[in-house]
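Enquirer: Following this message is one structure expressed as structure tokens.
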Amino acid sequence: MRTALVVFLYGLIVILIIPFLLLCFLFGIRKPLLSLGKWAMGVGKKILGLEVEIAGLENFDPAGSYVFMANHLSFLDGPLLFYVIPQPIRVFIKKEVFRLPVVGLGMKHVHFIPVDRKRLRGGRRSLDRAARLMKERGYSFLIFPEGTRSRDGRLQDFRRGGFFLALETAAAVVPVSIIGTYELMPRGQFHVRPGKIRVIFHQPVSVLGYNKDSVDQLIARVRSQIASALPE
């Protein structure tokens, strides 16, 4: 019932947002649209009965440019981090989502990045675009280095793409540990159980001194920090 209510609410917001979206397009503004997204995520959190405990926000500068990297347990993870990270982050989203009416246009306008998971060249192009936006506009990006949601709730192997983005832009990596979303909405489940979630932001990891040849060492360091806060 709670999940259905959130779906209805977001559908209503999409309809009502059209005039606002047109104004954002007309004047080339993005922050109000991102703020509206954060507000919608906050409303959804309350309706779904999610209690979120956050730790470590003092570990990074909200005005800085970072690559946030988190473990991926549930469909809830992306919206949750979009809501709790205290800056207007950008994210990578599979390209099919951009075909949705209104929503796709809004995501494109705020510089979310479409990803073609089936083509290696498409992934490289997406990373290049993200790097350009980080350098030119000072954006931060959220990445799930496992590449997909965990099937059993355990931390999986990390892919290299997001780390190459950090190396290309010299942006520090902020490791993030998410605890609890797997129990509330595991992969394959379409409703959300109410409950508690913990989000822990670790100290940023500088990429200075690392390069493409030593990227595996960087990956191991970030993965170790994320794993350190997860249940055994």
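Bear in mind that the values in this text are calculations on the coordinates, not laboratory data. The model shown is predicted, which means the values in this text are computed figures rather than measured ones. Don't worry about glycine lacking a Cβ; one is built from the backbone with ideal geometry, like all the others, and counts go over all protein chains shown.
Enquirer: What translational D, rounded to a whole number of µm²/s, comes out for the chain from Stokes-Einstein when the hydrodynamic radius is the Kirkwood one over Cα pairs, at 10 °C and 1.306 mPa s? Don't jump to the answer; show the numbers that get you there.
Expert: Numbers: Rh = 18.3 Å.
After rounding, the answer is 87 µm²/s.
Enquirer: Which lysines have a Cα less than 26 Å from the Cα of Lys196, not counting those fewer than 8 places away in the same chain?
Expert: Lys38, Lys45, Lys46
Enquirer: Restricting to the chain, compute how many DSSP beta bridges are antiparallel as a %, nearest 5. Each step should come with its number before you reach the end.
Expert: Details: 5 of 24 bridges.
Of those bridges, close to 20 percent are antiparallel.
Enquirer: Around Val115, which amide H atoms from residues at least 5 apart in sequence, or from another chain, sit under 5 Å from its own amide H, with H modelled in the peptide plane?
Expert: Long-range HN contacts for Val115: Ile93, Lys94, Lys95.
Enquirer: Which whole-Hz ³J(HN,Hα) couplings does the stretch 219-225 yield from phi under the Karplus relation 6.51 cos²θ - 1.76 cosθ + 1.60, θ = phi - 60°, glycine and proline marked x?
Expert: Here the 3J(HN,Hα) series is 4, 4, 5, 5, 4, 5, 5 Hz.
Enquirer: Could you order the peptides 218-226, 191-199 from most to least packed, using the average number of other C-beta atoms within 10 Å per residue?
Expert: On the way: 218-226: 18.0, 191-199: 16.3.
Averaged packing, sorted descending, gives the order 218-226, 191-199.
Enquirer: Near the amide H of Tyr66, under 5 Å away, which other amide H atoms are found, from residues 5 or more places off or on another chain, if H is placed in the peptide plane?
Expert: Those lying under 5 Å, H to H, from Tyr66 are Ser140, Phe141.
Enquirer: Can you list residues from other chains, or at least 5 along the same chain, whose modelled amide H is less than 5 Å from the amide H of Lys196?
Expert: Under 5 Å from the amide H of Lys196: Glu51.
Enquirer: Please identify, among Ser214, Ser126, Ser74, the residue showing maximal mean-square fluctuation in a Gaussian network model of the chain using a 10 angstrom Cα cutoff.
Expert: Judging by the Gaussian network model, the answer is Ser214.
Enquirer: Provide the gained length on full extension for the span Lys135 to Leu208, in nm with one decimal, where the gain is 0.36 nm per separating residue minus the Cα-Cα distance.
Expert: On the way: separation 73, 0.36 × 73 = 26.28 nm, distance 1.62 nm.
This chain segment gains 24.7 nm when fully extended.
Enquirer: I need the fraction of alpha carbon pairs in the stretch 182-232 separated by more than 13 Å, rounded to a whole percent.
Expert: Values: 882 of 1275 pairs.
Tail of P(r) above 13 Å: 69 percent of Cα pairs.
Enquirer: Could you tell me the distance between the Cα centroids of the stretch 32-56 and the stretch 72-92, to the nearest Å?
Expert: Using only Cα atoms, the two centres lie 10 Å from each other.
Enquirer: Could you tell me how far the Cα centroid of the stretch 115-164 sits from the Cα centroid of the stretch 175-206, in Å?
Expert: Going from one Cα centre to the other spans 18 Å.
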